[in-house]
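The values are calculated or read from the model by the stated rules, or taken from the named source; none is laboratory data. Just so we're clear, the structure is a prediction, and the values are computed from it rather than from any experiment. Note that we place each Cβ from the backbone using ideal geometry, even for glycine, and neighbour counts take in every protein chain shown. What goes into the accessible areas is simple: the full protein's heavy atoms, side chains included, and nothing from ligands, DNA or RNA. Shrake-Rupley method; radii C 1.70, N 1.55, O 1.52, S 1.80 Å.
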Amino acid sequence: MDTQLKKGLIEYYILANLKYGDSYGYEIVKTISAHMPITESTLYPILKRLESQGKVSTFSSAYNGRLRKYYKLESEGLDSIKSFLGSWEKVEAIHDYIKRSVENE
Amino acid sequence: MNRIEFIKTLSSKLSYVMKPEEVRELVDYYDEMILDLMEEGMSEEKAVSQLDSPESIIESIKGTPLEFKFPIRKKVSPLWMVLLIAGFPLWGSLALAGIMIVMSIYILIWCIPFLAGSLAFAGVLGGLVSVVLSPLATFDGLHIGLTQFGIGLFLFGAGILFTMLTLSMSKTFIAYSQSMTNKIKKILFNQRSVVSI
């Protein structure tokens, strides 16, 4: 998949992932990797940005004698998912337009 | 590379480009990754090798158009320089006045434990001397000697109480001064420019 497109999608993927429940770095990487390859170094800046935008919040929780940082979906994040889905029609229209350009050859 | 080496390399390299708390956050993130990978049954070396190298992590951070705060030096334009130099008599004295106000606040605050300390010292020393020398005062009459002994004991006791008070107060005041100094430092030096690449 195109890297730019991937970057845009990962953000919503993470938000959707957190909608199912709080999660931590490694688990998020694993979940995303099922659909598109991603490295931790790619994930970190995105998580950091989502956090600074208030779409997710973080908390630390003890696990196996160490602290693990968990990410939690905030209402701004949920709004963000909804607005992404809301703009899907436009994305589809663009997709169709691009598709036609090849079909008419 | 093992986990500790990885973390050491990463944090020392990051310290040039990020604030300490951001370095800590990032290092914690990668440390957590390593530990999680190890929990899945990977060896320490294998887990570290799964991650990007510290060099490429730093490259990926530099290249990301994000709100990472790099310590970018602000360029001072010549006009500003001229204004700064020409305006020194004005802002210099204002700054000096500001420093003096802060200094006097510190001095004023520390007067309280200093006063308690002085009372403690005077009480303990005066009381001790007065008690020790009270036998000499009995030459003027037993009642005078006894009175001096009693007052001496009272002073000594008060002195000890004041010593305790000074000690406990000093602790609070030291903590207070530290937090105030930190606040001032933050206000003065923590204005860093934010840059998006």
| field | chain B: angle of helix B:142-189 to the longest principal axis, Cα-based, in degrees nearest 10 | value | 20
| Tilt of helix B:3-14 relative to the longest C-alpha principal axis of chain B, in degrees (0 to 90, nearest 10)? | 90
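What Kirkwood hydrodynamic radius do you get for the range A:1-69 when you take the inverse of the mean 1/r over all pairs of distinct Cα atoms, in Å? Show your work: numbers first, answer last.
Numbers: mean 1/r = 0.0791 Å⁻¹.
Across the range A:1-69, the inverse of the average 1/r is 12.6 Å.
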| request: Please work out the average accessible area per residue across the range B:100-178, using the 1.4 Å probe convention, and give it in Å². | output: 69
| said: Defining a contact as two alpha carbons under 8 Å apart and six or more residues distant in sequence, what relative contact order in percent does chain B show? | reply: 26
| Solvent-accessible area lost in complex, 50 Å² minimum, residues of the range A:21-50 relative to chain alone, 1.4 Å | A:Tyr26, A:Glu40, A:Ser41, A:Tyr44, A:Pro45, A:Lys48
| task | Along Cα→Cβ, 7 Å out, is where each label goes; now give me the distance between the ones at B:Lys171 and B:Ser104 in nm to one decimal. | result | 3.3
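Chain pair A, B: how much accessible area is buried, both chains summed, with a 1.4 Å probe, in Å² to 100?
Values: alone 7370 and 14400 Å², together 19890 Å².
Its buried surface, counting both partners, is about 1900 Å².
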| query | How much length, in nm to one decimal, is gained on full extension between B:Val27 and B:Gln50, taken as 0.36 nm per residue of separation minus their Cα-Cα distance? | reply | 6.7 nm
| field | Estimated distance in nm for a label pair at A:Glu27 and B:Leu136, the labels positioned 7 Å out from Cα along Cα-to-Cβ | value | 8.1
| field | Highest to lowest packing among A:43-49, B:91-97, scored as the average C-beta count within 10 Å | value | A:43-49, B:91-97
| Ranked packing of B:147-155, B:28-36, most packed first, by mean Cβ within 10 Å | B:28-36, B:147-155
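Of all the accessible heavy-atom surface of chain A, with the other protein chains kept in place and a 1.4 Å probe, what percent is carbon and sulfur? Mind showing how you got there, number by number?
Details: 3510 of 6460 Å².
Whole-percent figure for carbon plus sulfur exposure: 54.
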| query | Considering only protein heavy atoms and a 1.4 Å probe, what is the carbon-and-sulfur percentage of the accessible area of chain B? | reply | 73
| message | Give me the inter-chain shielding for B:24-34: mean count of other chain Cβ atoms within 10 Å, whole number please. | response | 4
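Just order A:1-12, A:91-102 by mean Cβ neighbour count inside 10 Å, highest at the front, would you?
Details: A:1-12: 13.0, A:91-102: 9.8.
Result, highest mean first: A:1-12, A:91-102.
Evaluated at 10 °C with a viscosity of 1.306 mPa s, what Stokes-Einstein diffusion coefficient in µm²/s does the range B:104-197 have when Rh comes from the Kirkwood expression over alpha-carbon pairs?
Numbers: Rh = 16.4 Å.
Rounded to a whole number, D works out at 97 µm²/s.
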| task | Just the ratio, please: alpha-carbon radius of gyration of the protein assembly as shown over 2.2 N^0.38 Å, N its number of residues. | result | 1.71
| said: I need two numbers for chain B: Rg to one decimal and Dmax as a whole number, Cα atoms only, in Å. | reply: 31.2, 93
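With all distinct Cα pairs included, what does the Kirkwood hydrodynamic radius of the range B:8-58 come out to in Å, to one decimal, could you say? Write down the numbers at each step before the final one.
Numbers: mean 1/r = 0.0883 Å⁻¹.
Roughly 11.3 Å, rounded to one decimal.
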| said: How much accessible area per residue does the range A:3-103 have, counting only protein heavy atoms and a probe of 1.4 Å, in square angstrom? | reply: 59
| Kirkwood Rh (inverse of mean 1/r, distinct Cα pairs), the range A:59-105, angstrom | 14.3
| said: Report, in listed order, any pair from A:Lys6/A:Lys48; A:Lys30/B:Lys46; A:Lys48/B:Lys171 with a Cα-Cα distance greater than 28 Å. | reply: A:Lys48/B:Lys171
| task | At 0.36 nm per residue, minus the direct Cα-Cα distance, what do B:Lys185 and B:Ser12 gain on full extension? Give it in nm, one decimal, please. | result | 59.9 nm
| task | Quantify how strongly other chains surround peptide B:153-162 by giving the mean number of their Cβ atoms within 10 Å of each of its Cβ atoms. | result | 0
| request: Please give the calculated 222 nm ellipticity per residue for the protein assembly as shown, where each DSSP H segment of at least 4 residues contributes -39500 (n - 2.57) and the sum is spread over every residue; nearest 500 deg cm²/dmol? | output: -25000 deg cm²/dmol
| A:Tyr24 long-range amide H proximity, modeled H, under 5 Å | A:Tyr71
